[in-house]
Amino acid sequence: MRRSRLSTVGGIGLLALVLSGCQLVEIDSALTTFEPAGPFAQRIDDLFWMVFWIATVIFVLVQGALVVTMILFRDRPNRKEPKQIHGNAKLEVVWTVIPAVILATVAVPTVSAVFDLTECSDDAMVVEVIGHQWWFEYRYPEQGGFTTANTMVIPTGEEVCATMTSEDVLHNFWVPALNGKRYLIPGQTTVLRLQADSDGEYWGHCAEFCGLSHSLMRARVHSVPRPEFDAWAARQTEPAPVPEEGSPEREGYEVFAQYCTQCHAVDFADNDSGVNDNILEEPVFNGPNLTHFADEYRTTFAGSALPEEGESFDDALKRWIANPPNVKPGSFMPDLGLTEAEIDAVITWLKSNK
Ligand code: CUA
């Protein structure tokens with residue numbers, strides 16, 4: 001008797017612990033799947049709640065029947081042994097057919113959603129997503145083929161067809177407010193439909209373990225009205241100016257030309273004039289293109305892991321350039337041993353790349 005009471009208390013305590021764990025899930029978390037911002041995420045949300053309520057009704061019915069049976073037919077003194085039954089064809093058919101019908105009810109909308117969510121409509125705007133350790137690159141083939149990093153800008157209320165691949169290992173693109181997860185696979189192309197119905201910033205994350213700094217590989221989508229999107233895209237096709245001799249930006253530009261061009265491309269206005277002999281159009285290693293590093297929508301860097309909350313853009317940038325692997329373990333951007341003056345100069349120049 002004491003033992004069973006002890007185990008009851010223990011069981012309730014465990015249940016309380018499990019339930020209190022649910023409290024740890026932040027309601028307003030950036031990666032919540034319960035706040036769909038467009039039709040594709042909405043479709044997943046609807047499916048989730050449909051399955052949830054079906055499962056809840058089944059749970060209540062089955063557990064209810066179990067409890068009623070346990071109470072009504074429990075053993076009592078002087079109770080006769082109940083009639084023993086072996087097999088009942090009718091019952092067995094019923095409890096096979098009912099689950100089959102339930103599974104079919106869940107499977108039909110699920111399977112059709114799985115296909116719908118990954119087959120873009122013909123007029124959707126294509127954005128290519130390329131996964132790198134540990135950042136996302138975005139290319140816009142329909143707007144002149146420019147490339148940007150970390151922040152994907154999309155027009156609000158329009159379908160965007162993310163056409164995705166990876167340059168190195170498996171990654172997974174996941175912006176929960178816009179759609180579910182989808183793999184980025186080297187040598188293959190996968191497709192994901194995205195749409196935001198209101199302007200704003202939508203955060204996501206790489207959802208496949210892809211190495212040391214997987215936890216710092218964030219995805220960020222910025223949705224803006226169509227005219228602003230067009231203006232942004234037009235800006236992205238503009239080349240970066242070469243800073244004039246003696247200007248404050250020139251010093252940083254020279255540091256960049258000396259140290260950074262193996263990995264970072266910048267599309268300069270006069271790449272053939274000889275001023276930019278060091279600047280490669282195709283870097284040896286693929287780091288983010290820095291032509292519009294300081295664009296008004298591109299407010300994060302280092303795989304959108306920086307700046308951290310409460311940290312200024314400049315402070316974060318300084319910390320990053322001074323020792324990248326210190327910020328992102330395993331980072332392919334090395335500690336170049338730049339002096340503080342050189343770092344400040346590079347930042348001044350970077351911030352002129354609007
Ligand atoms: Cu990329 Cu995890």
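Quick one: is A107 at pLDDT 90 or above, within 30 Å of V191 (Cα to Cα), within 40 Å of the chain's Cα centre (by Cα) and not hydroxyl-bearing (S, T, Y)?
Spelling it out, A107 is indeed at pLDDT 90 or above, within 30 Å of V191 (Cα to Cα), within 40 Å of the chain's Cα centre (by Cα) and not hydroxyl-bearing (S, T, Y).
Checking the condition more than 40 Å from the chain's Cα centre (by Cα), assigned to a helix (DSSP H, G or I) and over 23 Å from D46 (Cβ atoms), which residue from E81, E142, E92 passes?
E92
Matching residues to (1) outside the structural domain of L170 (by TED's automatic domain parsing); (2) among the hydroxyl-bearing types (S, T, Y); (3) exposed (fewer than 10 other Cβ atoms within 10 Å of the Cβ); (4) in contact with a helix residue (DSSP H, G or I) (Cβ under 6 Å, 6 or more places away or on another chain):
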| position | (1), (2), (3), (4) |
| --- | --- |
| N78 | yes, no, yes, no |
| H86 | yes, no, yes, no |
| A104 | yes, no, yes, no |
| D123 | no, no, yes, no |
| Y138 | no, yes, no, no |
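Among the residues of region 169-182, which ones are in contact with a Phe, Trp or Tyr (Cβ under 8 Å, 6 or more places away or on another chain) and within 13 Å of the ligand (Cβ to nearest atom)?
Answer for region 169-182, where residues must be in contact with a Phe, Trp or Tyr (Cβ under 8 Å, 6 or more places away or on another chain) and within 13 Å of the ligand (Cβ to nearest atom): L170, H171, N172, F173, K181, R182.
Being among the polar types (S, T, N, Q), modelled with pLDDT under 95 and under 21 Å from the mean Cα position of the chain (by Cα) is the filter here; which residues of region 17-73 pass it?
Scanning region 17-73 gives S29, T32, T33.
Any residue in region 140-151 that's over 15 Å from E238 (Cα atoms): show its pairings with residues that are among the hydroxyl-bearing types (S, T, Y) and surrounded by 18 or more Cβ atoms within 10 Å (Cβ to Cβ) at Cβ separation under 6 Å, as long as the two are six or more apart or on different chains.
Correct list of pairs: N150/T300; N150/S304; T151/Y297.
Go through (1) out of contact with any strand residue (DSSP E or B) (no Cβ under 7 Å at 6 or more places or on another chain); (2) in contact (Cβ under 8 Å) with a residue 40 or more places away in the chain and name the single condition G204 misses.
(1)
May I ask you to verify whether S198 is under 29 Å from E309 (Cα atoms), within 15 Å of the ligand (Cβ to nearest atom) and surrounded by fewer than 17 Cβ atoms within 10 Å (Cβ to Cβ)?
So S198 fails the test.
Return the residues of region 305-315 that are buried (at least 18 other Cβ atoms within 10 Å of the Cβ) and touching a residue at least 12 places away in the same chain (Cβ under 8 Å); say none if nothing qualifies.
Within region 305-315, A305, L306 meet the criteria.
The values are calculated or read from the model by the stated rules, or taken from the named source; none is laboratory data. Quantities reported herein were computed from a predicted structural model and do not represent experimental measurements. In this analysis, Cβ positions are derived from the backbone assuming ideal geometry, glycine residues included, and neighbour counts consider all displayed protein chains.
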